[in-house]
Amino acid sequence: MSKRPDLRYERRLWKLGIDAVAGVDEAGVGPMAGPVVAAAVVFAPETFISGVHDSKQLTHDQREELFTPIRDRAIAVGVGIAEVNEIDCLNIYWATMSASRRALSALSLAPGHVLVDGRLIPGLELPQTRIVGGDRKSFCIAAASIVAKVTRDRMMVALDAIYPGYGFAQHKGYCTSEHMQSLAKLGPSPIHRRSFWPVAAAAQRSLF
């Protein structure tokens, strides 16, 4: 497993007197079905939870095991969601940015600084720092990645019960071979992203 995230970025800000540092990350950019979910997490200075890592580096069980300690030990957690209709209307990039702003707005306190994974959040009035690969470097961003991923995965399991046959509980909307086969067989569901080409192609085929 790769080097784990630490507190180096957070400590630079804490030393400046900025106690409330929020880490922001998202889950669900790549799937062809379901929402994109962003999370923002703020910890008290020097809080650290062993095992926290980029959610993609963890198993399902590891993420679930860490989810509750993160929520319990954080001083604030916010979640923002952009649904499929917004993704199709805006595109996935702008929908993700909207979800990130919503996650920050959902925090019970206003952070003094925001650490974001990869891309700055347009239109954000809070000071922010972009960290490339931040979910593998910054503890609070990694924690946010876990909250976002677990929240979205649970949503997809619930949606599987509403739209059976597609396997959402297993692949979570990602473009697996099983998902492609069910999409070809059943056509798009209401939670498929029609702006994504495999879904658009399946929708076109279902017209004939």
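For the reader, a short list of remarks on this structure follows.
- Label-zone membership for region 15-45, site residue 75, 7 angstrom Cα→C-beta point, backbone N under 15 Å: 15-23, 41-45
- Using a simple spin-label model with pseudo-atoms 7 Å out from Cα toward Cβ, residue 61 and residue 83 lie 3.6 nm apart.
- The chain - mean residue ellipticity at 222 nm from DSSP helices (-39,500 (n - 2.57) per run, n ≥ 4, rounded to 500): -13000 deg cm²/dmol
- Shown in residue order for region 47-57 are the 3J(HN,Hα) couplings computed by the Karplus curve 6.51 cos²θ - 1.76 cosθ + 1.60 at θ = phi - 60°: 5, 8, 10, 4, x, 5, 8, 3, 4, 6, 8 Hz (x for Gly and Pro).
- Ranking 12, 101 by solvent-accessible area of protein heavy atoms (1.4 Å probe, all protein chains present), from largest to smallest, gives 12, 101.
- Each other residue within a Cβ distance under 15 Å of residue 75 adds +1 if Lys or Arg and -1 if Asp or Glu, for a net charge of -2.
- Backbone N within region 10-50 under 17 Å of label point (7 Å from residue 124 Cα along the Cβ vector): 10-14, 18-29, 37-43
- Relative packing of 106-118, 49-61, 139-151, which averages over residues the other C-beta atoms within 10 Å, highest first: 139-151, 106-118, 49-61
- 3J(HN,Hα) along region 16-23: 8, x, 9, 6, 8, 10, 9, x Hz, from the Karplus curve 6.51 cos²θ - 1.76 cosθ + 1.60 with θ = phi - 60°, whole Hz, x for Gly and Pro.
- Using the Cβ of residue 123 as centre and a radius below 15 Å, the other residues enclosed give a net charge of +3, where K and R count +1 and D and E count -1.
- Close amide H contacts of residue 128 (hydrogens built in the peptide plane, cut-off under 5 Å, sequence separation of 5 or more or a different chain): 114.
- Residue 194/residue 158 FRET efficiency (R0 22 Å; Cβ-Cβ; nearest 0.05): 0.55
- At least 24 Å along the helix axis (C-alpha) and Kyte average at least -0.5, DSSP helices within the chain: 139-162
The values are calculated or read from the model by the stated rules, or taken from the named source; none is laboratory data. Predicted model only: the values in this text are computed from it and were never measured. Note: ideal-geometry Cβ built from the backbone for every residue, glycine included; neighbour counts use all protein chains shown. Surface areas here come from the heavy atoms of the whole protein model, side chains and all, with no ligands, DNA or RNA. Shrake-Rupley method; radii C 1.70, N 1.55, O 1.52, S 1.80 Å.
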